[in-house]
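Read the structure below first, then the notes.
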Amino acid sequence: MLIKQRSEPLELTILKTLNARSVLNATDSANFHNLDKGYRGEIMFDEYMKEVSNENNLILNDLLLEYKNTIFQIDSLFQFSNTLHLFEVKNFEGDFIIDDEKWYAIGTGRKEIKNPLLQLKRTESLLRQLLQELGYPFPIEAHLVFINPNFQAYQAPADQPIIFPSQLSRFREKLKSRFPALKASHRKLAKQLLTLHMEDNPYSRMPEYQYGGLEKGIICPTCHTFYATFKKTYLLCHECGGIEVNKTAITRSIKELRLLFPEVKITTNLVHDWCKIIKDKKTIRKTLSEHYIKMNHGKSSYYVNP
Ligand SMILES: [Zn+2]
């Protein structure tokens, strides 16, 4: 049973809109593509594992926990009556060589990458210690999952807890077989982990940006380019052909504005400038008054969350 959904990391959501509205510097751009790729891999894993979920297991995705001042992230945790399965999901693509403890990407040249097994072992060890402290000495099985079918590792040792794309379906079948019912202690542990989960990742690296440096307009949610045509009731994307009702697009853009600039006062003029493509202020004023609460009157009026 799925009890914790995965949501897009805040850092990624922000980088996504900044990428559409400005030119990211090399560091932010690399960070954006890494996060994006990683997140897409995790979503692929969730989709793939959907059918494992039943009343005899508990599935918690994307946990951020702390043990003795060390923060660690769990991509997925599947609780069965006999075992806890811990998953580290990688969306690696291309050819890799594993040479003892060292991992190399071999596409253009040979570049050493962080050994993902070490990361998995660290997470497993921290989780084990945390569970012991909480009083749940359940056995843990840790797995490093390569979700992308275009991943190839050469010289991979057979005795490591790695699940390659070609092994994933057999592994899933194993998890789909019948397991004994969960006990109250399993549910209690899941609840406790949910309580311990940290919403904000203190290790997020937020890029620097300013209102003036961002391109204005409304971004198409499908292809992340700006809408190009404004009609009385809808917007049209020239890139993917997508259309969206004006009011929905405006509401989405206000959310984006508030995410990027939580301190700023939402006014009709600001939203009009931010959305740019919406020519008439009346639609903006209407949308604002339908979804937000108006404070003050006249020139000093602004809108806040209901
Ligand atoms: Zn589009």
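The residue of the stretch 238-257 that is nearest to the ligand (Cβ to nearest atom), among those that are hydrophobic (A, V, I, L, M, F, W, C) and within 16 Å of Thr17 (Cβ to Cβ), is Ala249. For the stretch 133-188, a residue qualifies if it is in contact with a Ser or Thr (Cβ under 8 Å, 6 or more places away or on another chain) and of a type in the set (A, V, I, L, M, F, W, C), and the qualifying residues are Phe138, Ile140, Ala142, Phe179, Ala181, Leu182.
Is it the case that Leu24 is of a type in the set (A, V, I, L, M) and closer than 17 Å to Asn201 by Cα? Can you show your working first?
Numbers: of a type in the set (A, V, I, L, M): yes; closer than 17 Å to Asn201 by Cα: no.
So Leu24 does not fit the description; no.
Restricting attention to the stretch 62-95, which residues are out of contact with any strand residue (DSSP E or B) (no Cβ under 8 Å at 6 or more places or on another chain), of a type outside the set (Phe, Trp, Tyr) and part of a strand (DSSP E or B)? Answer for the stretch 62-95, where residues must be out of contact with any strand residue (DSSP E or B) (no Cβ under 8 Å at 6 or more places or on another chain), of a type outside the set (Phe, Trp, Tyr) and part of a strand (DSSP E or B): just Thr70. Remark: Leu120 matches the filter, which requires a residue to be within 25 Å of Leu10 (Cβ to Cβ) and either within 16 Å of the ligand (Cβ to nearest atom) or assigned to a helix (DSSP H, G or I) (or both). Just so you know, in the stretch 197-230 the residues that are among the small types (Gly, Ala, Ser) and within 14 Å of the ligand (Cβ to nearest atom) include one that is surrounded by the fewest Cβ atoms within 10 Å (Cβ to Cβ), and it is Ala228. Among Ile98, Ile59, which is under 18 Å from Val145 (Cα atoms), touching a Pro at 6+ places or on another chain (Cβ under 8 Å), outside any helix (DSSP H, G or I) and not small (Gly, Ala, Ser)? Ile98 is the lone residue from the list that is under 18 Å from Val145 (Cα atoms), touching a Pro at 6+ places or on another chain (Cβ under 8 Å), outside any helix (DSSP H, G or I) and not small (Gly, Ala, Ser).
Pairs linking a residue in the stretch 229-241 that is closer than 11 Å to Ile278 by Cβ to a residue that is in a loop (DSSP other than H, G, I, E, B) and within 10 Å of the ligand (Cβ to nearest atom), with Cβ atoms under 6 Å and 6 or more positions apart or on different chains, are Leu235/Tyr227. Just one of (1) assigned by TED's automatic domain parsing to the domain that holds Thr268; (2) away from the ligand (no atom under 16 Å from the Cβ); (3) not polar (S, T, N, Q) trips up Leu235, so point out which. Looking at each condition in turn, Leu235 falls short on (2).
With the requirement that a residue be in contact with a helix residue (DSSP H, G or I) (Cβ under 7 Å, 6 or more places away or on another chain) and either farther than 15 Å from Ile218 by Cα or surrounded by fewer than 13 Cβ atoms within 10 Å (Cβ to Cβ) (or both), what does the stretch 265-275 give you?
Ile266, Thr268
Within the stretch 276-294, residues that are within 17 Å of Lys216 (Cα to Cα) have Cβ atoms under 6 Å from residues that are hydroxyl-bearing (Ser, Thr, Tyr) in these pairs: Ile277/Tyr227; Lys281/Thr268; Ile284/Thr268, counting only partners at least 6 apart in sequence or on another chain.
The values are calculated or read from the model by the stated rules, or taken from the named source; none is laboratory data. Since the structure is predicted, the reported quantities are computational estimates derived from the model, not experimental observations. Cβ: placed from backbone, ideal geometry, glycine included. Neighbour counts: every protein chain shown.
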